[in-house]
1. Just to confirm my numbers, what's the Cα centroid distance between segment 5-60 and segment 248-287 in Å?
2. Pairs to check: LYS48/LYS78; LYS149/LYS251; LYS94/LYS149. Give those whose C-alpha atoms are more than 25 Å from each other in this structure.
3. Report for the chain the percent antiparallel among DSSP-assigned beta bridges with both residues inside it, nearest 5.
4. Can you give the Kirkwood hydrodynamic radius for segment 15-113, in Å, rounded to one decimal and based on Cα pairs?
5. Need one word for segment 229-280: rounded, prolate or oblate. Basis is the Cα gyration tensor (sqrt eigenvalues a ≥ b ≥ c); a/c below 1.5 gives rounded, then a/b vs b/c decides.
6. Give me the three principal axis extents of segment 78-166 from the C-alpha atoms, as integers in angstrom, largest value leading.
7. Nearest 20 debye, what's the magnitude of the dipole of the chain about its Cα centre given +1 on Lys and Arg Cβ and -1 on Asp and Glu Cβ?
8. Under a 10 Å cutoff between Cα atoms, tell me which one of SER14, SER36, SER118 has the largest fluctuation in the Gaussian network model of the chain.
Amino acid sequence: AEETTPSKLNRAGSLQAKRKPEDFIFGKVIGEGSFSTVILAKEVSTDKQYAIKVLDKQHIIRENKAQYVHREKSVLSKLNHPFFVKLYYTFQDKDRLYFVLSYAGRGELLDYIQKLGSFDENCTRFYAAEVVSALEHLHGLGIIHRDLKPENILFNEQMHIQITDFGSSKILKTDQLGEDSQDGSQVAPGQKRKNSFVGTAQYVSPEVLTSKKAYYSSDLWALGCIIYQLLSGLPPFRGGHEYQIFQKITKLEYEFPEGFSPTARDLVEKLLVLEPEGRLGCEEMGGFDKLKKHPFFEGVDWSNLSKQKPPQLV
Ligand SMILES: NC(=O)c1nn(CC2CCNCC2)c2c1CCc1cnc(N=C3C=CCC=C3)nc1-2
C-alpha cells in the first residue's frame with residue numbers, strides 16, 4: 001500500500017500533514033550554533049520562506065545536549081507572540097531534527113546599530129518598548145531568555161522585532177504546579193536554581209557570574225545594556241578579554257557618554273542594579289507596569305505596538 005504521510009493535530013486542532021525535508025528547497029546558511037545550523041529555505045507548495053534549524057542527532061547525543069533541544073522546542077511551542085520567531089513545524093529524518101521557524105528577513109538589531117552608529121531617542125524608545133513588551137510576555141510564561149543581546153533581536157519585513165535563539169533559555173515554571181519540565185525536579189514558581197549556562201559576556205548579569213542563578217531580572221539587566229547600547233552605539237561593559245568585562249560588571253564599572261539624555265540615564269541606572277530584586281521591572285520593584293510607566297517610555301501606546309508603523313531608523 002502506498003505510504004501515507006503521518007499527520008498530527010496543529011495548534012488550531014486541525015489535522016496537519018507532517019512535513020519532510022523534500023517539502024523544502026534549502027538555500028543559504030544564516031546561522032551556525034554549536035550543534036545546529038540555521039538554513040534559509042522555501043516551502044515548495046507555498047513558496048513561503050522559513051528559517052529551518054537543523055540539528056544533528058548523533059552530535060546532540062554525543063555532546064549530551066538532548067535536554068537543551070527539548071527545552072528549546074518546549075519554549076518555542078509555548079511562544080505565540082508577534083515579537084518572537086514562531087515554530088511552525090518540526091520533523092526528523094534518520095540523522096537530523098528540523099525546526100521550521102519564521103524567517104526574520106531584515107536581519108539583526110546589531111547590524112543596524114553598527115550601520116547607524118546609534119539610534120535616536122525616538123527609535124530607541126520604540127524598540128526598547130517592543131523588547132519590554134516581549135519580556136513581559138516571556139516572563140509571564142515562566143521563561144527566562146538568558147542570552148538577550150542585539151544579535152538575537154531580529155527584524156521581520158515590517159521592521160518589528162523577532163527575538164530568537166532559545167537554546168539557552170530556562171523555564172522557571174510550567175503550567176503545572178511549579179514543576180520544572182526539564183528534569184522533573186520541583187521548582188517553586190520564581191525560585192532560582194543552580195545553572196551551568198552563562199550568557200554573552202557584555203550582557204551577562206552579575207548574579208549569573210557570581211552565583212550561576214538565573215532570575216527573570218537577568219533579562220532586565222540585558223535590557224539595560226541594550227538601551228545603553230542603542231543610544232551610545234556600544235555596550236556599557238567592554239574590555240579586551242571576558243574576565244575584564246566580568247570584573248567591570250560585578251563592580252558596576254561603567255559611565256555614560258556626554259549627551260546621554262537624563263531620562264534615559266535614569267532608566268538605565270534603574271536596570272543596571274547589582275541586586276536582581278532591585279531592578280525596575282522585577283516583581284519586587286512593581287513588575288512590568290512600573291517599568292512601562294518610566295518617563296523614558298512617555299507617549300508609548302503599549303496596547304498595540306506590533307500593529308504600529310515603526311519609526312524610520314535614522
Ligand atoms: N539559533 C537560532 O535559533 C537562530 N539563529 N538564527 C540566525 C542567527 C544569526 C546570528 N544572530 C542570531 C540569529 C535564526 C534563528 C531562529 C530563526 C531565525 C529567523 N530568521 C533569521 N534571520 C536572519 C536574517 C539575516 C541574518 C541573520 C538571521 N535568523 C534566524
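Coordinate-derived values only; no laboratory data. Bear in mind that the values here come from a model prediction, so they are computed numbers and not experimental data. Glycine gets a Cβ as well: all are built from the backbone with ideal geometry, and neighbour counts include every protein chain shown.
1. Cα centroid of segment 5-60 versus Cα centroid of segment 248-287: 40 Å apart.
2. Checking Cα-Cα distances, LYS94/LYS149 exceed 25 Å.
3. Beta bridges within the chain, antiparallel portion: roughly 95 percent.
4. When all Cα pairs of segment 15-113 are included, the Kirkwood radius is 14.4 Å.
5. Oblate, because a/c is 1.5 or more while a/b does not exceed b/c.
6. Sorted largest first, the three principal extents are 49, 30, 23 Å.
7. In total the dipole reaches around 540 debye.
8. SER14
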